[in-house]
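A short worksheet on the structure shown next.
Coordinate-derived values only; no laboratory data. As the structure is a computational prediction, the values presented were derived from the model and not from experiment. We place every Cβ from the backbone using ideal geometry, glycine too, and count neighbours over all the protein chains shown.
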Amino acid sequence: MSDQPFWAQEDHPKRPLRVENGIQIHSTRGTVARTWWSKRFLVVLEALGVGGRLHRGRSYARSGQIVSCVVDAGSVVALVQGTRPTPYKVRIGIPAWGKQDWSRAEQALADDAWYAATLLAGGMPTEIEDLFAGLGLALFPTSQRDLSMDCTCPDPTVPCKHLAAVFYLLAERFDADPFEVLALRGRDRETLLANLRRRRGSTAAPEAAVEDDSRPLGELLDDFYAAGALDLTRFAPAEPEPGALLEQVPELPIEVRRHKVRDLLRPAYDQLPK
Amino acid sequence: MLVVHGLWSPARGVVLWAEDGERPATTSRRSLRTARPHPFAVPASQLAGIHPGKQTSLTLLLPSRASGPVESPELVRRRAPGRRSAEVSLTPWTVPAVVVEPGELADPADDVRYGASVAHLRALAAFADDLAARGRVLPTLRPGPEARWRPVVQGLDAVARRSLVDALPPVARAEQRRSGDTAGHSPELLIDAALDSLVDAAVRERLALADTPVALVPPRRGRAPKALPATEAWLTALDGPDPRFEATERELATLADALAPWDAVTTEETGPARATFRLSEIGTLHDPADPGDDPLDQTGDGTRWVLEFQLQSTEDPSLVLPADDVWAGRADRLITSAQELLLAELGRAALVYPPLAGALRRARPEELDLELDEAHRFLTEDAARLLAAGFGVQLPAGWNGRRPLGLRLSVSSPAAPGVVTRGGLGREELARFRWTLAAGDEELDEEEIAALVAAKAKLVRIRGQWVSVDADALARGLDFLRRQNGRRGTGTVADALGLAQGAVDTPLPITSVAAEGWIGDLLGGTADRTLEPLDPPAGFRAELRPYQKRGLSWLAFLASLGLGACLADDMGLGKTIQLLALEAREREAEGERTDPTLDAAPGPTLILCPMSLVGTWQREAARFAPDLRVHAHHGPGRPRGEALRARLADTDIVVTTYGTASRDIEELEALPWHRLVLDEAQAIKNSNAAPSKAARRIVAGHRIALTGTPMENRLAELSSIMDFLNPGMLGTPERFRQRFAVPIERHGSPEAAETLRRITRPYLLRRLKTDPTVIDDLPEKIEITQEYHLTREQASLYRTIVDDMMEKIEDSVGIQRRGNVLAAMAKLKQVCNHPAQLLHDGSPIGKRSGKVARLEELLAEILAEGDKVLLFSQFTEFASMLVPHLSARFDQEVLYLHGGTPKKQRDAMVERFQSGDGPSIFLLSLKAGGTGLTLTAANHVVHLDRWWNPAVEEQATDRAFRIGQGRTVQVRKFVCPGTVEERIDALIESKKALSDMVISDGEGWLTELGTSELRSVFALGAEAVADD
């Protein structure tokens, strides 16, 4: 038994404190993970079957209760605002690969440009799991034993809703950038790309891309009314193919009276060029 | 003078606002806290009169001094503002504005100048519409809930978007987002917000205008439920004006999840480079002479197909780096992160073109090997998909992608070229036709055709060129050849012309029409050079220059074929005289007739022209071809019905105006015309306007259009004139738009432009002043009397002045009389210029002056040819009225030099005008600019009003016509018939003829004229006013 009064106990529903500029996940409805690799990551969490805590964790992530979140080699450290004035400190640990493991992994990636190409195009080939498995490495955690999860909240259940919230935030980060999955195992994007470049046999380091932020109007008073050079016909594709994009996007899982949405939209695309 | 600016307002849409040079430059209101009203912004109601829309008001952050906003560089004030403090800062102003439809941007008004922001906004709207037209859009779900179309901007489109962001003028970001904001909108966010809305609107508009109504939802059996399922409601709301729909939270969540994969297809940032794929043949070690089995030899002659990967810089498209340079690190200095860029591009391309994935399974992928069938598939399908997704594709030389195999027609004409023979020549004349199969331009022989038929692969190499073979099309083509050549191998000239225009359906496309003899010359557009030049008939009183003789023979040649002809020589080359020579030639007396194609004297020719040219036609005909009987058909007294028919019996040429022709169309279309001529044929550029309709209704044996504007750059004009000359030649307006206007104007397609040139060149003759074969023929100076007419307001003011001043002159003697005569003269000159100049009322120029209207037409033509012009006036008041007006009308800077211009500024103006890309219009006061300056960049000189002293005018003309002038100078003097201008002009001419006297400086000699002589010089004739 706790020596706290009953109303202070965590199981009693109570509103968490609001966070100014908290980190909020973008998904507002339904499932969070969109891609196979982030789903794959959440599988472990969801397999733990802690029921209502997952839902509450997701609501936490949506309402921006996460104050900060840092992904580093082997760990994710986050601050999550709960009902107490001080945010809870959440840590998810996953073993980072050793130097030699990474050396073999990098060589395997460098030998097959398809992986880097797909990753850079925003995807992750499913074969990547097998590639690493062949080297005796697991990219995703397979069970709770692969993870260490800590939270400073009084809820003894693991994972608690604060841990769950951080998992959902991670999943969304993975969706947006598959390199984050590899970063968690010990190689951030820049280091990994530089190492791949080196293994590919070239050494030149890329210069940092110039960030050209727009200048405030007050600095532009001299040529306030002038436009830059603009010739759009220079870029215009020669062969308009109105249906091409529609045919390239993936099939949607929704239908109207057994008609696929793509088929229903096709006549509209056919009319567009006229 | 108004200057219109535009911007995208996220809350309002396309917004226009304007500055007015007639409004005070400063405000006395001093408030630093809140936005003050902009002192010279145009009221929304006035602006809405020019560009209709919803009136609103904006807060704009503009560069300002303490007393008011800094004017935009486009704004020209009648009086230059005095010196002001130099301190400029950003200040909010309340500005009235109008929210307009995006389409309104494409319809600029004439008398208004537009800032660069409007052109930018127009480009933005056109880009959005182009994305919609090309289907670079996907539907999505937005809060509301709303069903919206969003743009998908990838590849080259991303480069275009980036260039729109970079080119955005600061003023387009100037809307204050909230009180206290001083940064303005972010260019990126603003462009994206605008594209989002504009694309959604463009898709909806295109769906609404579709020929067949689009139903996005499948038909439903039975009655629809009260609440539609969310997906159905969403689809329905994608079409039609209202994007909103209704659905439960739960349904929306499901729909949002389902749409997520499409939402993930993102509008990506422009990379500094893109992947391009180059299909090429690589030689193998195999010896083609050795038939042994070489697995690498795909083609049977020692080569194989590969697709090479390259990285192409988007900023400098000429920088193309092969993949091995990229992997070796040699590209990194030229393109940042070249390796990662190429990898990302290849990864993205593999989604569009899956066979690519196989080639990436190595450390340094450089190419993809293709089997013959794969190469064919790449050429016919995959390349287009990669292009559409924004990648570059390079195909083997000689591969034109779509129609490599085609038909070739050879035509040989029996008649000898150069001689227009009687009766033997015409559109119905038979010519020998020979059809063959061709690959590109190359004719195929029997053996090659047999090889094609026998080929099992879809790609066959013929004479070093790869040909895509579609077995069905080939069979149909061969069948066509058998039938055509087997028959009798003949066709008419008209058939050949029709085939060359692509007006006939054939089983394979016609890749070329080769013709010998005069048909070849005609199709090749070289007929004027190969025909024998014709001399004008004996009674013609002018010597034609060599290029004019060639023009005459070209006109006669097309007339003999019954083909409509467009003579589009540069202004000043004498189109009128060439046409008069043609008419005179066809009307030579019986027995003397040199034109053998005419059996009898033809009926009358009808010429339509602007009012200001009626007199010119009459005068030139009387001067050069006095035997031609000309009837000017306009004015209230013009004959009608029987009287007109009787008149026509002894008339050769009827000259009328476009206006009169439109009004009298019922009568004119019933008469049998020998020929219909449109002078200044650009008048029918709008094919739906009354003059165009009238011109098309009139039936005539032959049609000619005369125009001096460079038509090839004005597609609407070209299509309208060509359709008038040879109806149906370019197909329906819709087909013309699809086939030519969109590819040329929107996509800058050189192929479409070339096809259009090829189709129209038989009917179009355009010689340029700069053409060396013409320039040698030309005199160095051409003097032209530029006629115009007074408006009714000018005419009534003119009469009042004459009555008033004659009374004063009669009542005065000596110095007083002289003063009165000169005063009368000045007033009459002023009213001929513009009523406001006489009334000194400072009212805007409007359409009150016939002279200004004519000047605008003239300048439009001069500027269209890329020429520069000097305008002289002796009245500074008139000149300072013209400067803002002309700069608004032609949207460019107008230089103005007068007595008060300081020396330093004067030199700077001269230097800028003389430099290649300097301003094109230079207005000078006769006194200040008439001497000393060298302005040889101009090849046109216009004397707006007359200083009746030839020596002074000559001196002014010599600013342009002097050492350093390499071109012919055209000198125009504005003269209104029936006014003092014409009478004194005639007086000077006669005096010049009598003795080559140089009249003493000034106009004093005019005061010596007797009163009755003065009365007849001043009197206003009826011909001074245009009747329409």
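When the Cα centres of region A:37-107 and region B:854-932 are compared, how far apart do they sit, in Å?
73
Quick check: convex hull over the Cα atoms of region B:490-581, volume per residue in Å³, rounded to an integer? List each step's numbers first, then the result.
Numbers: hull volume 10.9 nm³, N = 92.
Dividing the Cα hull volume of region B:490-581 by its residues yields 119 Å³.
How about region B:708-814: which trypsin sites (Lys or Arg not before Pro) there lie in a loop by DSSP and see at most 16 other Cβ atoms within 10 Å? Write out the running numbers ahead of the final one.
Working: sites: B:R714, B:R735, B:R737, B:R739, B:R746, B:R757, B:R758, B:R766, B:R767, B:K769, B:K781, B:R792, B:R799, B:K808; in loops: B:R714, B:R766, B:R767, B:K769.
Taking region B:708-814 and a limit of 16 other Cβ atoms within 10 Å, the loop trypsin sites (Lys or Arg not before Pro) found are B:R714.
Could you put B:S553, B:S412 in order, starting from the residue whose Cβ has the fewest other Cβ atoms within 10 Å?
Working: B:S553 23, B:S412 14.
Ranked by crowding around the Cβ, least crowded first: B:S412, B:S553.
Quick check: residue separation of A:S103 and A:W36 times 0.36 nm, minus the Cα distance between them. What number comes out in nm? Numbers along the way, then the final one.
Values: separation 67, 0.36 × 67 = 24.12 nm, distance 2.57 nm.
Difference between extended and current length: 21.5 nm.
Please find the FRET efficiency linking B:T490 to B:T526, where r is the Cβ-Cβ separation and R0 is fixed at 25 Å, and quote it to the nearest 0.05.
Numbers: r = 24 Å, r/R0 = 0.98.
Between B:T490 and B:T526 the formula returns 0.55.
Find the lysine pairs in region B:537-777 meeting two conditions, Cα atoms under 20 Å apart and a separation of 8 or more places or different chains, and report how many there are. Mind dumping the intermediate values first?
Values: B:K549/B:K575; B:K549/B:K769; B:K575/B:K685; B:K575/B:K769; B:K685/B:K693.
For region B:537-777, qualifying lysine pairs total 5.
With +1 assigned to the C-beta of every Lys and Arg and -1 to the C-beta of every Asp and Glu, and no other charges, what is the dipole magnitude of chain B about the Cα centre in debye, to the nearest 20?
Numbers: 123 positive and 144 negative charges, 594 e Å.
For this selection, approximately 2860 debye.
Roughly how far apart, in whole Å, are the Cα centres of region B:956-970 and region B:344-371?
Using only Cα atoms to place each centre, the spacing works out to 64 Å.
What is the magnitude of the charge dipole of region B:745-811 about its Cα centre, with +1 placed on the Cβ of each Lys and Arg, -1 on the Cβ of each Asp and Glu, and no other charges, expressed in debye to the nearest 20?
Numbers: 11 positive and 15 negative charges, 160 e Å.
It works out to roughly 760 debye.
Relative contact order of chain B, please, whole-number percent, based on alpha carbon pairs below 8 angstrom and at least 6 residues apart. It would help to have the intermediate numbers written out before the result.
Numbers: 1713 pairs, mean separation 78.9, N = 1028.
Averaging sequence separation for qualifying contacts and normalising by length gives 8 percent for chain B.
Can you give the charge dipole size of region A:72-147 about its Cα centre, rounded to the nearest 20 debye, using +1 on the beta carbon of Lys and Arg and -1 on the beta carbon of Asp and Glu? Numbers along the way, then the final one.
Working: 6 positive and 9 negative charges, 137 e Å.
It comes to approximately 660 debye.
For a distance above 13 Å, tell me the whole-number percent of Cα pairs in region B:192-245 that qualify. Walk me through the intermediate numbers first.
Numbers: 950 of 1431 pairs.
Beyond 13 Å sits 66 percent of the P(r) for region B:192-245.
In the protein assembly as shown, if the dipole is taken from +1 on Lys/Arg beta carbons and -1 on Asp/Glu beta carbons about the Cα centre, which of A:L163, B:A158, B:F480 is farthest to the positive end?
A:L163
Quick one: in the protein assembly as shown, what % of C-alpha pairs are over 63 Å apart?
27
If one puts a single equal scatterer on every Cα of chain B and applies the Debye formula without solvent, what log₁₀ I(q)/I(0) results at q = 0.08 Å⁻¹?
-1.08
Arranged by the count of other C-beta atoms within 10 angstrom, fewest first, what order do B:I801, B:I721, B:I782 take?
B:I782, B:I801, B:I721
Using 0.36 nm per residue, how much length does the chain from A:S63 to A:D263 gain when fully extended, once their Cα-Cα distance is taken away?
Values: separation 200, 0.36 × 200 = 72.00 nm, distance 3.75 nm.
Length gained between A:S63 and A:D263: 68.2 nm.
Please name which of B:S186, A:L220, A:S59 has its Cα lying farthest along the dipole of the protein assembly as shown towards the positive end, using unit charges on Cβ (Lys, Arg +1; Asp, Glu -1) and the Cα centre as origin.
Value computed over the given set: A:S59.
For region B:206-272, which trypsin sites (Lys or Arg not before Pro) are both in a DSSP coil and crowded by at most 14 other Cβ atoms within 10 Å? Don't skip to the answer; put the middle values down first.
Details: sites: B:R206, B:R220, B:R221, B:R223, B:K226, B:R244, B:R250; in loops: B:R220, B:R221, B:R223, B:K226.
The qualifying sites are B:R220, B:R221, B:R223, B:K226.
Taking the radius of gyration and the Kirkwood hydrodynamic radius from Cα positions alone, what is the Rg/Rh ratio for region B:784-1024, to two decimal places? Walk me through the intermediate numbers first.
Details: Rg = 18.0 Å, Rh = 18.7 Å.
Reported Rg/Rh, Kirkwood definition of Rh: 0.97.
Given a Förster radius of 51 Å and the C-beta distance between B:D166 and B:E22 as r, what FRET efficiency does 1/(1 + (r/R0)^6) yield to the nearest 0.05?
Numbers: r = 35 Å, r/R0 = 0.69.
E between B:D166 and B:E22, to the nearest 0.05, is 0.90.
What FRET efficiency do you get for B:R818 and B:I963 if R0 is 41 Å and r is their Cβ-Cβ distance, rounded to the nearest 0.05? Don't skip to the answer; put the middle values down first.
Numbers: r = 40 Å, r/R0 = 0.96.
For R0 = 41 Å, the calculated efficiency reads 0.55.
Using the charge dipole of chain B (Lys, Arg: +1 at Cβ; Asp, Glu: -1 at Cβ; taken about the Cα centre), state which of B:V306, B:S887, B:L790 has its Cα farthest towards the positive end.
Result: B:L790.
Multiply the residue gap between B:R434 and B:D373 by 0.36 nm, knock off their C-alpha separation, and tell me the result in nm, one decimal place.
Contour length minus Cα-Cα distance gives 18.6 nm.
What percent does the relative contact order of region B:299-383 come to when contacts are Cα pairs within less than 8 Å and at least six residues apart? Each step should come with its number before you reach the end.
Numbers: 73 pairs, mean separation 29.1, N = 85.
Answer for region B:299-383 is 34 percent.
Give me the one-decimal nm value for the distance between modelled label points at A:D146 and B:D917, 7 Å along each residue's Cα-to-Cβ direction.
Placing both labels 7 Å along Cα→Cβ, they lie 6.2 nm apart.
I'd like the projected area of region B:2-208, averaged over all directions, using the convex hull of its alpha carbons. Report it in nm² with one decimal.
Working: hull surface 51.1 nm².
Over all viewing directions, region B:2-208 projects a mean Cα-hull area of 12.8 nm².
With n ≥ 4 as the cut-off for DSSP H runs, can you work out [θ] at 222 nm for chain B, using -39500 (n - 2.57) per run divided by the number of residues, rounded to the nearest 500? Mind showing how you got there, number by number?
Numbers: 37 runs with 381 residues, N = 1028.
That comes out to -11000 deg cm²/dmol.
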